[in-house]
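To keep things clear, I will list the structure first and then write my remarks on it.
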Amino acid sequence: MSDGGGDTTTDLVEELLAGKHRALARVISKIEDRSPGYREIVSELHRHAGSADVIGVTGSPGAGKSTLVDKVAAAYRDRGETVGVIAIDPSSPFTGGAVLGDRIRMASNAGDMDVFFRSMSARGSLGGLSTATTDAVTALDAFGKDKVIIETVGAGQNEIDIVRTADTVAVLVPPDSGDDVQMLKAGILEIADLFAVNKADLDGADRTVQQLTEMLHYGERQKNGPADRTDRAGEDDATSEEGAGADPTSEEGEEADAWEPPVIETVANSGEGVDAFLTAIDDHLRYLDESGKREARQRSRYAAEIRTLLREDVNEMLERELEASDGIDGYVDEVLRRESDPYAVTEEILAPLRDCLRERREQ
Amino acid sequence: MSADQQTEASIRCLVAKVGLDGHDRGAHVISRAFRDAGFEVIYSGLHRAPEEVVQAAVQEDVDVLGISILSGAHNTLVPRILEGLEDYDALDDTLVLVGGIVPDDDKDELRELGVAEIFGPGASMDEMIDYVREHAPERDR
């Protein structure tokens, strides 16, 4: 077997931009593996990205995410739009192995290469997955996909961080998913731009819808309180006030630029409610544009991305520095002998770096 | 390649059932064994058309494609998958394995077309996992 050699960075980028599926797939592999050269590739692709709508779909295992994503992707295809899907499944913390099963549900789009479906496993370090996901979205975006869907189990901080990078976040709730206290957990109410009560043909769906709506309205009252005070104070939150002016859907008596997450009933299996789900996504995307929130979200997203990269790179740089100076053990010995302490060691290692940065700043 | 990067890159496999063949226990057992060996396994589900298997193999950029087939239609379906992979320049660096009931006479033909190995009844899991570890294509990752 020959290796797929000769895939130089520029070749891959060119082939990807020219619409070659194999190149896109290979680029995402490189991003996932963080193999040499992936940074240059992502930098290059970044220039060509920025036009796709990114939709996050999250919910507990078995909520019907994959099935709904399949139907949504098919509906987008009917509208003539191209779709990229990144489905994230957990990997075993013991062997690192994983069975990525989301693809089984993608029955409506089988054989349609304009739906690019990619499974990713939640391997690697904490935080690494969200970087990899962001980069994979950039690749799909640069490839020219109109919609990019990120599908992930909404469990834990790591996954919430991922889904947060989306423009619109949909949270799927199965009927009868515990009492209303469950819904207060895990921060799902806060990240959702819209809710879908999937499997709405099952018993208990109405009650779940009702509970969700109640929760949301309760949250709204909480929000409106401070908002009134803001009006009186007159200067807090100036940016959102500006955004409010451009929002034609604003109603009186409400915080003008507030988005009220709709609760939609869907039966992903039969396709029922998928249209309403799509409309809600479209509404939210329009709201983001009209209120200027899309840019605000992008700003905070890029800021977070830069911070993450800085943190990772500085870490790595220092690790290498430690290795070059006979590792951390020498320092540990000193600390053990009470000749030094962790703070002094840190200071000693960081001092040259700090000096160097200060010099540069003063120049 | 540093040790660090090696741990991050794991072997990706697609375990595929193709055609009118509902016997998926073997595919399930192998998916699980591969997972426990530390591979990332994508399972296609039942009754896939050759084009769907190709689509999945290309998009997922798998190192290994394992086709499970017990229906006897391997002479029709496997070549169509191989052709599809060729269309996307994916045949050269994908290790294609076939598992199932394949008569000896057909094995040579499949090998000639690009199938790397054929595992019949009685093949052990360890044998297969070792084979994959040894032969998974070296990529410029």
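Since every read-out is calculated from the coordinates, none of them should be taken as a lab result. No experiment lies behind these values; they were computed from the predicted model shown. Methodologically, a virtual Cβ is constructed for each residue, glycine included, from the backbone with ideal geometry; neighbour enumeration extends over all protein chains shown.
I need the calculated FRET efficiency for the pair A:GLU339 and A:ASP313, taking r as the beta carbon distance and R₀ as 45 Å, to the nearest 0.05. Approximately 0.90, to the nearest 0.05.
Quick one: grab the alpha carbon gyration tensor of the range A:10-112, order the square roots of its eigenvalues as a ≥ b ≥ c, and give me rounded if a/c is under 1.5, else prolate or oblate depending on whether a/b is larger than b/c. In terms of gyration-tensor shape, oblate.
Extending 7 Å from Cα along the Cβ direction at A:LEU202 and again at A:ILE306 yields two label points whose distance is 4.5 nm.
Per-residue mean of foreign Cβ neighbours for B:90-103 is 2 (Cβ atoms of other chains, 10 Å radius). Apply the a/c threshold of 1.5 to the C-alpha gyration tensor of the range A:29-85 and tell me whether it is rounded, prolate or oblate. Oblate, since a/c reaches 1.5 and b/c is not below a/b. Its residue count N fixes a reference of 2.2 N^0.38 Å for chain B, and the Cα radius of gyration divided by that reference is 0.99. If R0 is 35 Å, the Cβ-Cβ spacing of A:VAL332 and B:SER124 corresponds to a FRET efficiency of close to 0.15. Among B:GLY100, B:GLY122, B:GLY22, the largest mean-square fluctuation in a Gaussian network model of chain B (Cα springs under 10 Å) belongs to B:GLY122. Label separation (A:ASP275 vs A:THR346): 6.0 nm, computed from points 7 Å beyond Cα along the C-beta direction. When the pairs A:LYS20/B:LYS107; A:LYS71/A:LYS199; A:LYS147/A:LYS293; A:LYS65/A:LYS147; A:LYS30/A:LYS145; A:LYS20/A:LYS147 are compared against a 23 Å limit on Cα-Cα distance, A:LYS20/B:LYS107 fall above it. Ranked by how many other Cβ atoms sit within 10 Å of their own Cβ, fewest first, the residues A:ARG79, A:ARG207 fall in the order A:ARG79, A:ARG207.
For peptide A:33-42, the mean count of partner chain Cβ atoms within 10 Å of a residue's Cβ comes to 3.
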